[in-house]
Amino acid sequence: MGVSFSHLVSASDITRQDADFLVEFATEMDQDLAKRRVDGEVRKYKHALEDEIMGLLFYQPSTRTSVSFEAASKRLGGSAIVREGVAFSSISKGETLQDTIRVVGGMVDGLIMRHPDAGGAKIAADRLEKYRTERKGKYVPFINAGDGNNEHPTQALLDLYTIKSETGTLDNLNVALAGDLLNGRTVHSLVQLLSQRDGTRFTFAAPDQLRMPEKFTTMLRERGVPYEEVSSLTPALKGDILYMTRVQGEHFKDKEEYERLKHYFELSYEMVEDEDAVIMHPLPRVGEIHETVDPLWNAAYFRQADNGLPMRMALIHAMIEKARIINR
Ligand code: NCD
């Protein structure tokens, strides 16, 4: 088994079978990591990617995503070259991004990129795909670590893994996504992965200006997945999963509108003390979830962040294994 995709640009690249495989593989990675704490136990994956170098290009700020990708590469015995805040390169200067990707691609075995523009990831993956067929070319797998307000597929994978480990299942779940559903790239990817599971029902809670883009509601209608759109948090508290998100200030042209909307939803202890929905958030939070919520058993957002490590280990391992075979 492995993954069906060569590059991970969008959650739409991930089949249901891929997701099942990766959730299971991440569980194995978690168990492998746990062996570090047991005397004398040998980790199976400690040297798995020896001599493999991951290139991490972060054209946009990131803490948890870049740290977890770097840690994942190193926990597999590989190494990582991280470049953050690389001179800003917009899609209008697409040529520059393409050249950077080709040059870095020639020096590493896998490339992970975060980019401020929606569509940046596709440009990079296309350039690496072209490199594969060029004279003396090779296959360098690409992973999108977030592109503008478009997608964040690896976050969706670790979210899926979190849902599985918190609830024990991925089927028949009532999932509420709340906050900035217009600009939040994590929910754009997650809605696609969850719509592949049996019996998912969505509640989208957002102010009118920040509703889930039509592209995704159309997809849900085509797939026959039920959803309702609400503008208050109350109906969202009753499901199995409550996934909160931050209002994405960086995507607002009108800063006053951002000021008006940034505290539209705030989850307080009183609102959830008697609820048992698993509370998730991709983090960083900027007031959407009060710190008084943190001690609740169902406040899962820090465990969710922790899950980034085993899931990214599973993903990197699967893609590098594939490259080893193809480039042989
Ligand atoms: C998210 C992102 O960058 O899209 N953060 C993350 O990767 N965990 C969410 C956000 O910035 O709001």
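Since every read-out is calculated from the coordinates, none of them should be taken as a lab result. On a predicted model such as this, the values are computed, not experimentally measured, just so you know. Glycine gets a Cβ as well: all are built from the backbone with ideal geometry, and neighbour counts include every protein chain shown.
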message: At q = 0.10, 0.11 Å⁻¹, what log₁₀ I(q)/I(0) does the range 1-101 have when each alpha carbon counts as one equal point scatterer in the Debye sum?
response: -0.39, -0.47
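Could you please report the charge total around residue 11, scoring K, R as +1 and D, E as -1 over all other residues with beta-carbon less than 14 angstrom from its beta-carbon? Walk me through the numbers on the way to the answer.
Working: positive: 16, 122, 185, 197, 215, 223; negative: 13, 18, 147, 151, 159.
Result for the neighbourhood of residue 11: +1.
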- request: Name the residue, out of 221, 16, 127, whose mean-square fluctuation peaks in a Gaussian network model built on the chain with Cα pairs under 10 Å.
  value: 221
- request: Kindly provide the chymotrypsin sites (Phe, Trp or Tyr not before Pro) of the range 283-326 that DSSP labels as loop, not H, G, I, E or B, and whose Cβ sees at most 10 other Cβ atoms within 10 Å.
  value: 297
query: If you project the alpha carbons of the chain onto the principal axes, what extent comes out on each, in Å, largest first?
result: 58, 53, 36
task: Tell me, rounded to the nearest percent, the portion of alpha carbon pairs in the range 184-328 spaced more than 22 Å apart.
output: 49 percent
query: Magnitude of the Cβ-charge dipole of the range 97-246, K/R +1 and D/E -1, about the Cα centre, nearest 20 debye?
result: 540 debye
field: Potential lengthening between residue 44 and residue 12 on full extension [0.36 nm per residue; Cα-Cα distance subtracted]
entry: 8.4 nm
- prompt: Among 293, 191, 247, which one moves the most in a GNM of the chain with springs linking Cα atoms closer than 10 Å?
  reply: 293
task: Taking a cut-off of 12 Å between Cα atoms, list the aspartates and glutamates near residue 164, but don't count ones fewer than 8 places away on the same chain.
output: 20, 24, 240
field: Cα gyration tensor shape of the range 139-231, rounded if a/c is under 1.5, else prolate or oblate by comparing a/b with b/c
entry: oblate
- line: Straight-line reach check, residue 130, cutoff 17 Å on alpha carbons, 8 or more apart in-chain or any other chain, hits among aspartates and glutamates -> 95, 99, 109
- line: Ranked on Cβ counts within 10 Å of their own Cβ, fewest leading, 180, 39 go 39, 180
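Filter 122/253; 74/138; 122/255; 215/253; 138/215 down to the pairs with a C-alpha to C-alpha distance above 31 Å, please.
Values: 122/253 24 Å; 74/138 23 Å; 122/255 29 Å; 215/253 22 Å; 138/215 34 Å.
Violating the 31 Å limit, Cα to Cα: 138/215.
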